[in-house]
Number of protein chains: 2
Amino acid sequence: MKRNKPKYMQIIDAAVTVIAENGYHAAQVSRIAKAAGVADGTIYLYFKNKEDILVSLFEEKMGSFVGELENKISKISTASEKLHKLVEMHFHHLASDHHLAIVTQLELRQSNIELRVRINGVLKGYLAVVDHIVKTGMESGEFNPGLDVRLARQMIFGTIDETVTSWIMNDQKYDLLQLVNPVHQLLINGCGYSQSTLK
Amino acid sequence: MKRNKPKYMQIIDAAVTVIAENGYHAAQVSRIAKAAGVADGTIYLYFKNKEDILVSLFEEKMGSFVGELENKISKISTASEKLHKLVEMHFHHLASDHHLAIVTQLELRQSNIELRVRINGVLKGYLAVVDHIVKTGMESGEFNPGLDVRLARQMIFGTIDETVTSWIMNDQKYDLLQLVNPVHQLLINGCGYSQSTLK
DNA sequence: AAGATATGAATGAATGGTCATTCATTTTAT
DNA sequence: ATAAAATGAATGACCATTCATTCATATCTT
């Protein structure tokens with residue numbers, strides 16, 4: 001019903017820009033409307049309320065990303081290489097859209113908890129991909145078979161997320177994609193000294 | 001001047017409780033005042049504004065923790081054991097005060113970016129401890145000498161933080177302290193298969 | 001020692017600015 | 001001509017902050 005209405009996407013894109021450039025608190029509905037070239041009231045023809053804009057934004061922008069991710073990763077055989085691709089795609093996705101990166105890493109997190117629970121729902125798909133990689137690695141013998149899958153997932157997601165957030169907070173002064181290899185290396189081998197330091 | 005005024009701490013403790021139990025948005029100044037057994041106006045004798053309560057809260061509760069951390073860790077010789085102690089103290093600090101854990105992991109993050117920058121200032125001390133551990137390990141040969149210290153810090157902090165946040169979001173259904181060993185193990189050896197799986 | 005005076009901590013009702021949301025009306029499409 | 005979509009001014013709820021006033025305690029005066 002709403003997916004192929006042009007105004008729907010117009011409003012979402014305007015919201016990303018307004019929130020990224022002015023911050024969550026200054027992102028009044030009327031400002032988003034103006035940026036979308038639409039009347040305030042029009043917003044409410046497409047979204048239940050202001051929060052719904054935020055969740056929809058995340059659903060639209062992240063939902064398709066997870067699809068792509070699943071697709072690309074399914075074509076790779078080793079767990080280590082799957083993980084490498086995950087890190088690369090995650091970094092690329094956000095490095096190629098600074099506005100979206102600011103919104104997801106900083107602004108969206110200012111939402112209340114009820115909203116964050118809904119956002120977590122969207123994240124579930126992403127985390128399922130991580131879990132799958134971990135399980136694959138454990139079964140193939142690439143990864144430690146004694147791993148706690150939940151913990152491994154939390155390490156992988158926590159590390160990637162913290163890396164991106166730091167990058168954003170440092171005004172994207174360096175190239176995020178250059179960190180793909182070292183981050184992947186850290187996830188596989190940790191801080192400890194390891195024989196196989198080459199990818 | 002303000003540190004030994006009883007009302008100051010009274011208000012901070014009330015704020016932790018009110019915010020943890022009702023959420024940031026429902027934590028009106030008047031509610032905090034009532035919980036502290038104080039008039040609304042009194043708050044403004046001790047705090048510049050509402051945000052100042054939040055930052056002060058974090059400064060008070062976290063500042064002393066970093067001091068303790070530095071102290072304990074300086075008495076340990078190996079980097080791996082230092083890291084183990086860091087994880088243990090971090091988990092213990094939050095597992096022993098659920099209200100504080102909710103406030104730091106969920107509620108405090110709803111603050112605006114200006115405020116988060118101030119919060120990051122407080123965190124700097126904590127992150128310096130992490131950096132120090134990483135450098136120690138690299139010098140002693142315990143850790144991979146090719147590590148990027150910033151990335152290693154982000155992995156360590158990101159993993160710990162994500163683990164605590166997940167624990168909170170799952171209503172603290174399991175014992176956080178039981179995760180100290182596996183998390184430490186993950187940080188040192190990563191997901192990969194490693195000879196030394198015992199601590 | 002008793003009263004007079006000063007201090008500043010504490011109070012809480014009132015204020016004022018902000019914005020999300022609504023809806024009567026207009027415009028566009030079929 | 002009818003329905004559907006869009007408009008944007010008006011509304012009203014919300015809540016941080018203010019400030020005139022109170023009150024308990026300390027200090028001074030005789």
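Brief remarks on what is shown
- When region A:160-173 is limited to residues that are β-branched (Val, Ile, Thr) and at the interface with another protein chain (Cβ under 8 Å from one of its Cβ atoms), the one that is farthest from the chain's Cα centre (by Cα) turns out to be A:Thr163.
- Of the set (1) without any contact (Cβ under 8 Å) to a residue 40 or more places away in the chain; (2) open to solvent by 60 Å² or more (accessible area, probe 1.4 Å), all apply to A:Arg118 but (1).
- Residues satisfying the stated conditions in region A:174-194, i.e. in a loop (DSSP other than H, G, I, E, B), facing chain B (nearest Cβ under 9 Å) and either modelled with pLDDT of 95 or more or open to solvent by 30 Å² or more (accessible area, probe 1.4 Å) (or both): A:Gly190, A:Cys191, A:Tyr193
- Hey, A:Glu139 more than 19 Å from A:Thr159 (Cβ to Cβ), acidic (Asp, Glu) and either away from every other protein chain (no Cβ under 11 Å) or in contact (Cβ under 8 Å) with a residue 40 or more places away in the chain (or both) or not: yes
- Of all residues in region A:105-119, exactly one satisfies the criterion of being within 8 Å of chain B (Cβ to nearest Cβ), among the hydrophobic types (A, V, I, L, M, F, W, C) and touching a Leu at 6+ places or on another chain (Cβ under 8 Å), namely A:Ile113.
- Verdict on B:Glu68 being in the same structural domain as B:Val134 (by TED's automatic domain parsing) and open to solvent by 60 Å² or more (accessible area, probe 1.4 Å): yes
- Taking the numbered list (1) within 13 Å of DNA strand C (Cβ to nearest atom); (2) surrounded by 19 or more Cβ atoms within 10 Å (Cβ to Cβ); (3) of a type in the set (Val, Ile, Thr) in turn, A:Val29 passes all entries but (2).
- Hits in region B:45-60 - residues which are under 13 Å from B:Tyr8 (Cβ atoms) and surrounded by 14 or more Cβ atoms within 10 Å (Cβ to Cβ): B:Tyr46, B:Phe47, B:Asp52, B:Ile53, B:Ser56, B:Leu57, B:Glu59, B:Glu60
- Count of region B:37-67 residues which are within 30 Å of B:Gln185 (Cβ to Cβ) and free of Cβ contacts under 8 Å to residues at least 12 places away in the same chain: 2
- Scanning region A:121-136 for residues that are open to solvent by less than 20 Å² (accessible area, probe 1.4 Å) and more than 12 Å from every other protein chain (Cβ to nearest Cβ) gives A:Tyr126, A:Val129.
- Residues in region B:68-112 that are of a type in the set (Ser, Thr, Tyr) and either free of Cβ contacts under 8 Å to residues at least 40 places away in the same chain or in contact with a Gly (Cβ under 6 Å, 6 or more places away or on another chain) (or both): B:Ser74, B:Ser77, B:Ser96.
- Count of residues meeting criterion [surrounded by fewer than 17 Cβ atoms within 10 Å (Cβ to Cβ) and not in a helix (DSSP H, G or I)] in region B:138-173: 8
- Any hit, region A:120-130, residues being part of a helix (DSSP H, G or I), touching a Cys at 6+ places or on another chain (Cβ under 6 Å) and closer than 23 Å to B:Cys191 by Cα: no
- Wholly within region B:1-110, helices (runs of 4 or more DSSP H) carrying at least 1 residues that are away from DNA strand D (no atom under 15 Å from the Cβ): B:6-22, B:50-74, B:79-95, B:98-102
The values are calculated or read from the model by the stated rules, or taken from the named source; none is laboratory data. Bear in mind that the values here come from a model prediction, so they are computed numbers and not experimental data. A quick note on method: Cβ atoms are made from the backbone with ideal geometry, for glycine too, and the neighbour counts reach across all protein chains shown. Only protein heavy atoms, including side chains, enter the accessible area calculation; ligands, DNA and RNA are left aside. Shrake-Rupley method; radii C 1.70, N 1.55, O 1.52, S 1.80 Å.
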